[in-house]
1. Can you sort Val41, Val195 by 1.4 Å-probe accessible area, starting with the largest?
2. Under the 0.36 nm per residue contour assumption, what length would be gained going from the current alpha-carbon distance of Glu53 and Glu125 to full extension?
3. Pull up all non-local amide H partners of Asp80: gap of 5 or more, or a different chain, and H-to-H distance under 5 Å with H placed in the peptide plane.
4. Each residue of region 13-25 in turn: what ³J(HN,Hα) in whole Hz from Karplus with 6.51, -1.76, 1.60 and θ = phi - 60°, glycine and Pro shown as x?
5. Leaving out ligands, DNA and RNA but keeping every protein chain, what accessible area does Lys46 have, in Å² rounded to the nearest 10, with a 1.4 Å probe?
6. Relative to the longest principal axis of the chain, what angle (0 to 90°, nearest 10) does the C-alpha long axis of helix 40-51 take?
7. Residue-wise, which Karplus ³J(HN,Hα) couplings in Hz belong to region 88-101, taking 6.51 cos²θ - 1.76 cosθ + 1.60, θ = phi - 60°, and x for glycine or proline?
8. Using r as the Cβ-Cβ distance of His167 and Glu71, and R0 as 45 Å, what FRET efficiency do you calculate, to the nearest 0.05?
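The values are calculated or read from the model by the stated rules, or taken from the named source; none is laboratory data. A quick note: this is a predicted structure, and the numbers were derived from the prediction, not measured. So basically every Cβ, Gly included, is an ideal-geometry build from the backbone, and we count neighbours across all protein chains shown. The accessibility values were calculated without ligands, DNA or RNA, using every heavy atom of the protein model including side chains. Shrake-Rupley method; radii C 1.70, N 1.55, O 1.52, S 1.80 Å.
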Amino acid sequence: MLGPPGAGKGTQAERLARTRGVPKISTGDILREAVTAGTDVGRRAKATMDRGELVNDDVMIGILRERIEREDAQGGFVLDGFPRTVAQAAALDGLMAERGPLVIVDIVVPEPELVRRLASRLICEHCGANAPMGSGSDVACARCGGKLVQRTDDDEVVVRERLKVYHRQSKPLVEYYRVRPTFRSIDGTQPPDRVASDIAAAIESVGAGAANGIGKAVDKSNARQGAQP
Ligand code: AP5
C-alpha cells in the first residue's frame with residue numbers, strides 16, 4: 001500500500017489482510033512496538049519518528065526481511081508503510097524475486113484532508129489500534145479496552161514534516177511502480193468501504209485475486225520490471 005500519511009494505508013491494509021487471511025505487516029507498527037518494548041531499534045528509531053523523518057533504509061530492510069521470512073507470511077502478506085524509499089523498493093524486489101507477484105496500490109488523498117484526518121486520529125495506547133472515526137478520547141479501545149490517545153507524530157508541526165518527507169522521499173515510488181502492470185491508483189477520499197471494494201477490484205483486475213496469497217498467480221512483472229525506477 002502506497003500513500004501519504006493519513007491516506008488510509010493502515011485502515012485498508014488491516015481490512016484486506018483480514019479478508020485474505022494473511023498478515024498485515026506495518027513497519028510503523030513494528031517500530032512503535034519496538035519503542036514501547038524499549039529495544040535497541042526502538043530507542044534509536046524514536047527520536048527519528050518523533051521528528052517525522054524516516055528511519056534508516058538498512059534498518060528497515062533488515063526488519064522487513066526478517067518479518068516476511070516468518071511462517072505466517074509464506075502464503076502472502078499486506079505491506080503497510082514499506083517501501084518508503086526507492087532503495088527500499090529495490091530491496092523488496094530482490095526479496096520478492098522468488099515469491100511474486102507484488103501488487104501495488106497507491107491511495108490518493110489531497111493534503112488538506114490528510115491534515116484533517118491526522119489531527120483527529122486517536123489510537124489505543126495499549127495495542128496501537130486506530131479508533132473508529134469520530135470516537136472521543138473518553139471512549140475506550142474497541143479491541144482491548146485501552147485508553148485512546150493522539151499518536152506522538154500526529155502533532156501538527158510533525159505532520160507537516162511527515163508530508164514534506166513523503167513528497168521528497170516516498171512520492172518517487174509512484175513513478176518507480178507506475179510502469180508495472182500490477183500498479184493501481186485508488187481514490188482514497190471515498191468512504192472506507194468504497195476504498196476497500198476498489199482495492200479488492202484492483203487486485204482482481206491484476207489477476208492476483210485467486211487464493212489467499214495475493215501472491216502466486218500473476219507476476220512475472222517483478223522480475224521483468226524489477227529494478228527499473
Ligand atoms: P507509519 O505508521 O507507517 O505512518 P504513516 O505512513 O505516516 O501513515 P499513517 O499511519 O499516519 O497513516 P495511514 O495511511 O496508515 O492512515 P490510517 O489508516 O491510519 O510510520 C510512522 C513513522 O515510522 C514514519 O514517519 C517513519 O519515521 C517510520 N517508518 C515507518 N515505516 C518506515 C519505513 N519503511 N522506512 C523508514 N521509516 C519508516 O488513517 C488515518 C486516519 O484517517 C484514521 O483516523 C482513519 O480512521 C481515517 N481514515 C482512514 N480511511 C479513511 C477514509 N476513507 N475516509 C475518512 N477517514 C479515513
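1. Listed by decreasing accessible area, they come as Val41, Val195.
2. 23.8 nm
3. The answer is Ile25, Ser26, Thr27.
4. Values, residue by residue: 4, 4, 5, 5, 4, 5, 4, 8, x, 10, x, 8, 10 Hz.
5. 80 Å²
6. Rounded to the nearest ten degrees, it is 70.
7. For region 88-101, the Karplus curve yields 5, 5, 5, 5, 5, 4, x, 5, 8, 4, 8, 10, x, x Hz.
8. Working from the Cβ atoms, E equals 0.75.
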